[in-house]
Each structure stands twice: as C-alpha cells, then as structure tokens.
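To start, the structure itself, in structure tokens.
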Amino acid sequence: MDNYYESTERVPKGASVGRYCRTMSRSRGGELMAATLIESQKLYRDSPGVLYTLKNFLKSPFEFSPVARDFYALWRERSLVGRLKDRFQTAIFEKPILAEPTDAPESVWISEGAMMPASNFLPFSENVLLVKKNGVLAIVPEDLIHLDGADVDKIFSNILVGQSAASVDRHFLSAAPETDAQPAGIFNGAPSVILSGQTKVEIVSTLEAMAAKLGSWKAPVWITNPAIFARMAALGLIDFSSGRDRLIGIDIFQSTNCSGKIVLADLAGILLADDGRTHIDTSGVSDITYVENGVKKTINLFQQGYIGYRISRYINWHVARENSVIQCDFSLPASTEDPGDDA
C-alpha cells in the first residue's frame, strides 16, 4: 500500500481518489501517534532525522503530498480556470510582481564600460496577491470507496473534483465583491455591451462592439455557456477547422458556470496566483452540521457510515488592467429556429 499512495507515476481516477485520500488520512493518524511517542520518549536525540521528517509532515500534511499533486492534476482538467492557467499573468502568493515588461522593450548599443539603460517596464497598480482559500466539504457513504466500476468513478469524480472545480469557476465568473476571504469575481466592475439582437448580423455587431472595448490583446479568449455556444454554432459563427473552437478568430471556451453571458477577456491582464497548493483531509468520526430546509442538523459520520472529505484550494486572482474583461448579457430566443441574417 505504501508504494501505491506514494507513487506519482499515474493519476488515480474516480473512486481511486477516495481510497487514495483515505489511505493518506490513516497514514497521517499513524504519523501523529508516532510523533507523539517519539517526543514523549525523547527518541529524537538518537534519530533527529526522523523527528525532522515528522514535524515537516505534520506542518503541511497534504498540501504538497502525492495525493494533493494528483488531485490538482484532475482539478485542472475539470476547472475552466485550471485549463486556462497558462494564459493568465502569473502571480506569486504574498510576494509582489514588481513590473511586467512592455511588448517591445528598448535595446541600445553600448560602449565598453558604459552603463546599460534599463528596459521600459509597465508596473501594475496592485501586484500583491494574498493567499485565499476555497473550500469544499463532501460527504459520501464509506461503502462507496470500496466499490469499483465506471459509474462509481464518475460519482467520485463529480463529488471530489467536480465540486471543487465548479466552486472556483462559479466565483471567478461572477460579480461578487472582494472581501478579506475571497477575490472579486471578474464581472465586478467590468464594462458591459448590450446585445443588439438575435440575428446573425446583430450578434456579430455586438461581438465587434465588445472587441472594440477590450483594453489589451495579449491573451484574449471568449467564455460562454454551452447553450449560447450552441446558438453561435447554429448561426455558423464558430470555426471548428483549426482543431480549436474559435469565434471571429479568437478561441472560445465553454463553462456551465458562465450563466447567461458571453465574455471577452484578455487573461494576460488578470493576475492569477495558483501554485497548485491543495489541502485534502478526511474524517470518518467527526460531527457534521448542515442546513436542510432551513433547519440546522448535526450527524456523526461514524454512526451514519459516511466519510467526509475536506478539500481546500489555495488560489487568488485580480483584474490588474482596466477593460481586461468585457461582458454581455445574452438572452436566447424563445424559438430555436435560425431567424436568418435578415430576420
């Protein structure tokens, strides 16, 4: 079993993730007991390396463990933010990005011993991103983690990975304000364009108006939901020929968490701090409080035969450039028939 959960040769899928996390949880309990025993018996004097290892394990039990890294790989597959991560402007937690080089920094010829002038830089007005945490608590029957099969794998994938990914994407694609606990959604304060109409010509006109408002073009993408994407495709606006979905020459991505909107965003104008840090913990004995139909209830996981998975993703973002996000509320027509260009 040790070789299994320490291996990073493959990424576990579905129910394997549940068993994987559970194994690590039990291992953590063993490490806690061992650490207590070692310190109480002063055994660390004879084996300082053992205590050093245990203390570092206890300090951050899951954040950089194999299970956390594997979970993060699955999370990036399911999350829109994760899939687009490489297009954002990279930030570092709690450390400033002093400046971003301009598109064409100046270069000069210099004589021997002469000073070399610094290239031009465009500083961000706000460039420090604090650590912020998005958490999901998932409760599943303990018997489920012992089952195999495609259906079980799908259930676990939706519960453990899908809920965490959807939670981040839903907040990213929102107008939620920034607080001490959460970043602002990218729609917060973003300029809007009014939909001109439902015909192909009117929709193209709206898209062109959005493009005219976009402040920069380093890494532009369209984001919308599957229903609006299908409408665009039905009107012949989506180009599938390049192997990537493109709308008027720009990559377009779908997310069910982008409700009723189409968005044009230059992701290079958005700072994203996400170093993959993931904290996963499990329990089969805790008391869990939840609200059902307005009534607060408490259950004990052990008595009910459940396992609780607490998943925390450390991530933060900030729209650093003005007009990096342009939004449009897109109402679908009552009829699915194509009205045509002249309707």
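The values are calculated or read from the model by the stated rules, or taken from the named source; none is laboratory data. These numbers were taken from a predicted model, which means no experiment stands behind them. Cβ atoms come from the backbone with ideal geometry, glycine included; neighbour counts cover every protein chain shown.
Any chance the stretch 231-241 includes a residue that's farther than 21 Å from Glu77 by Cα, hydroxyl-bearing (Ser, Thr, Tyr) and exposed (fewer than 14 other Cβ atoms within 10 Å of the Cβ)? Among the residues of the stretch 231-241, at least one is farther than 21 Å from Glu77 by Cα, hydroxyl-bearing (Ser, Thr, Tyr) and exposed (fewer than 14 other Cβ atoms within 10 Å of the Cβ), which makes the answer yes. Scan the stretch 213-235 for residues that are in contact with a Lys or Arg (Cβ under 7 Å, 6 or more places away or on another chain) and under 14 Å from Val201 (Cα atoms) and the total you get is 1. Among the residues of the stretch 128-155, those that are at pLDDT 75 or above, part of a helix (DSSP H, G or I) and surrounded by 13 or more Cβ atoms within 10 Å (Cβ to Cβ) comprise Glu142, Leu144, Ile155. Candidates Ala184, Ala212: the one that is modelled with pLDDT of 95 or more, out of contact with any strand residue (DSSP E or B) (no Cβ under 6 Å at 6 or more places or on another chain) and either surrounded by 13 or more Cβ atoms within 10 Å (Cβ to Cβ) or closer than 25 Å to Arg83 by Cβ (or both) is Ala184. Among residues of the stretch 215-232 that are within 16 Å of Gly249 (Cα to Cα), those with a beta-carbon under 6 Å from a residue that is of a type in the set (S, T, N, Q) and surrounded by 14 or more Cβ atoms within 10 Å (Cβ to Cβ) at least six positions away or on a different chain give the pairs Phe229/Gln254. Residues that are surrounded by fewer than 19 Cβ atoms within 10 Å (Cβ to Cβ) and either of a type outside the set (A, V, I, L, M, F, W, C) or farther than 16 Å from Ser255 by Cβ (or both) within the stretch 163-175 comprise Gln163, Ser167, Arg170, Ser174, listed in sequence order. Take the conditions (1) farther than 28 Å from Ile238 by Cβ; (2) in a helix (DSSP H, G or I); (3) of a type in the set (Asp, Glu); Asp180 misses just one of them, which is (2). Only one of the listed residues (Leu264, Leu237, Leu271, Leu214) is in contact with a helix residue (DSSP H, G or I) (Cβ under 6 Å, 6 or more places away or on another chain) and over 30 Å from Gly305 (Cβ atoms). That residue is Leu264. Right, Gly276: over 30 Å from Leu207 (Cα atoms) and touching a strand residue (DSSP E or B) at 6+ places or on another chain (Cβ under 7 Å) or not? When the stated conditions are applied, Gly276 does not pass them. Within the bounds of the stretch 196-204, is there any residue that is touching a residue at least 60 places away in the same chain (Cβ under 8 Å) and either surrounded by fewer than 18 Cβ atoms within 10 Å (Cβ to Cβ) or farther than 28 Å from Arg231 by Cβ (or both)? Yes, the stretch 196-204 has at least one match. Looking at Leu271, is it modelled with pLDDT of 95 or more, surrounded by 14 or more Cβ atoms within 10 Å (Cβ to Cβ) and under 26 Å from the mean Cα position of the chain (by Cα)? It is false that Leu271 is modelled with pLDDT of 95 or more, surrounded by 14 or more Cβ atoms within 10 Å (Cβ to Cβ) and under 26 Å from the mean Cα position of the chain (by Cα). Kindly check whether there is at least one residue in the stretch 245-255 that is surrounded by 18 or more Cβ atoms within 10 Å (Cβ to Cβ) and either more than 30 Å from Ala91 (Cα to Cα) or acidic (Asp, Glu) (or both). No; the residues of the stretch 245-255 include none that is surrounded by 18 or more Cβ atoms within 10 Å (Cβ to Cβ) and either more than 30 Å from Ala91 (Cα to Cα) or acidic (Asp, Glu) (or both).
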